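Worksheet for the structure shown next.
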Amino acid sequence: MYDIRIIKTSQELETVRTYWERWQNHTNNDFAQFNLVCQLRSEIESPFVTVIEQNNKPHALLAGRLERTQFAPSIGYLRPVRISAKVIAVIHQGLLAHVDEETARESVHYLWSLLGSGVADAIEFHYLSEHSTLLQALLLYSSPWFCEKKLKWNIHREMDIPAEEGFIEHKVRSKHRSRIRKKQQELESAFPDKVSWRWMSRFDDISVLCARLEEVAARTYQRGLGAGFIDNEEYRQRFALFARRGQLRVQLLEIDGKVRAFWFGFVYQGVFHSSETGYDPDLRKYEVGTLIFIRMADELALEGVRKLDFGLGDAPYKQRFGDHSWREKTVWLFAPTVKGLVLRAMLRLSIMLDSTARQVLQKMGLTDKLKTIWRGRVAKGEIETDKSENDT
């Protein structure tokens, strides 16, 4: 038999810190980072951590945050409607320690009862693995009227890193290898004696590093979408946290001493967790995204890192180089109120419109072309979009 309670203050978090740090296994569920983010983001009202106890000791934890936010379902890159809402955001990889099916079911019923008491308008469970007992409990036991389960599956990929420099080139066909080498030569010819690749694992001044990355990030299409790296207090403090532990890694492409592309992530329990990348759009024709990825992979191999987690979202390069994959799904649980019904209806409508638009574009063969045009216009500042959610 289990007891379930909620932690809503930083002081209370300290009471489970020993158990949390014993179970943490991902940058997202790192205790220090979770606490830091809760303190820095203005929209976060408090931590909201579900503690499942047995014999007065934590048996498992579910890490979440109570946020005052704008509920704004997306249709493609657009978020046309928004409603103020109080949402419990259960973070990606937020379930610490294993829970069996019965415990997962009890946890879902408990959280549902909290929504009924008015503590929040909805709970968002970010990217639950298809193997998660919590996901199965939500799909089987939550109310069909107040739970949105039909969001699309997302593919999460990992890549094995052998102890072999240059292994990426061995994973592709000879035609692609020739293209990679050609692009490298074109880049060096365009900027003779000015191209430098720099791998960073030790850091003297985080603020200087962030300022240099910002010069590139400000010009990327990700910035126009409200995603990617931004030089702010949160990133600086997160960088400082992982740099102190020796876990931050940054690959830079410098031309004439100026950063023109970057890729960074964190080595955590032997796995490199890819975080953000960006490059100067003026260098697009040199395919510097591929070039910097190959350099970074080689450096990780030399360090002895044996796995690379590509993080959220899928992309052609992840499909090409990934060795393992699994599916993840975000699930929404809404309060049994009029507002909860309205929010659920908004989400359902946006899913239908998004799916229909994607099918039409795919049949017409316009999906990739439209993405390229849209991202180009966003990067140039011709289109403004809402900020996307950060899943950290």
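Of note:
- Count of the range 19-53 residues which are among the polar types (S, T, N, Q) and touching a Pro at 6+ places or on another chain (Cβ under 9 Å): 1
- Just one residue in the set 267, 305, 360, 331 is over 17 Å from the mean Cα position of the chain (by Cα) and either under 30 Å from residue 115 (Cβ atoms) or outside any helix (DSSP H, G or I) (or both); that residue is 305.
- Residue in the range 269-284 that is open to solvent by 30 Å² or more (accessible area, probe 1.4 Å), modelled with pLDDT of 95 or more, under 30 Å from residue 134 (Cβ atoms) and charged (D, E, K, R) present: yes
- Any chance residue 13 is aliphatic (A, V, I, L, M), modelled with pLDDT of 95 or more and buried (at least 21 other Cβ atoms within 10 Å of the Cβ): no
- Residue 124, sole failed condition from (1) in a helix (DSSP H, G or I); (2) of a type in the set (D, E, K, R); (3) within 28 Å of residue 221 (Cβ to Cβ): (1)
- Beta carbons closer than 6 Å, at least 6 apart along the sequence or on distinct chains, never pair a first residue in the range 175-193 that is open to solvent by less than 70 Å² (accessible area, probe 1.4 Å) with a second that is among the aromatic types (Phe, Trp, Tyr) and modelled with pLDDT under 95.
- Residue match in the range 64-85 (condition: in contact with a Pro (Cβ under 8 Å, 6 or more places away or on another chain) and surrounded by fewer than 17 Cβ atoms within 10 Å (Cβ to Cβ)): yes
- Exclusive hit being under 19 Å from residue 346 (Cα atoms), outside any strand (DSSP E or B) and open to solvent by less than 60 Å² (accessible area, probe 1.4 Å), set 115, 135: 115
- Only a single item in (1) within 23 Å of the chain's Cα centre (by Cα); (2) modelled with pLDDT of 95 or more is not met by residue 148, and it is number (2).
- Residue count for the range 307-319, restricted to those that are at pLDDT 95 or above and either of a type in the set (A, V, I, L, M) or open to solvent by 30 Å² or more (accessible area, probe 1.4 Å) (or both): 2
- If you go through the range 198-221 and keep only what is open to solvent by 40 Å² or more (accessible area, probe 1.4 Å) and part of a helix (DSSP H, G or I), you end up with 207, 208, 211, 212, 214, 215, 221.
- Each residue in the range 151-174 was checked for being open to solvent by 80 Å² or more (accessible area, probe 1.4 Å) and modelled with pLDDT under 90, and 4 of them qualify.
- Residue selected from the range 320-329 under the condition touching a strand residue (DSSP E or B) at 6+ places or on another chain (Cβ under 7 Å) and surrounded by fewer than 18 Cβ atoms within 10 Å (Cβ to Cβ), by the criterion farthest from residue 161 (Cα to Cα): 327
- Selection status of residue 304, out of contact with any Pro (no Cβ under 7 Å at 6 or more places or on another chain), closer than 30 Å to residue 197 by Cα, open to solvent by less than 50 Å² (accessible area, probe 1.4 Å) and at pLDDT 95 or above: yes
- Any pair with Cβ under 9 angstrom, 6 or more apart, that starts in the range 81-100 at a residue that is within 13 Å of residue 26 (Cβ to Cβ) and ends at one that is open to solvent by less than 60 Å² (accessible area, probe 1.4 Å) and of a type in the set (Asp, Glu): 91/391; 92/328; 92/391
- Condition met for residue 337 (surrounded by fewer than 16 Cβ atoms within 10 Å (Cβ to Cβ) and either touching a residue at least 40 places away in the same chain (Cβ under 8 Å) or touching a Phe, Trp or Tyr at 6+ places or on another chain (Cβ under 7 Å) (or both)): yes
The values are calculated or read from the model by the stated rules, or taken from the named source; none is laboratory data. Here the structure is a predicted model, which is why all the values come from computation and not from measurement. Glycine gets a Cβ as well: all are built from the backbone with ideal geometry, and neighbour counts include every protein chain shown. With ligands, DNA and RNA removed, areas are computed over all heavy atoms of the protein, side chains included. Shrake-Rupley method; radii C 1.70, N 1.55, O 1.52, S 1.80 Å.
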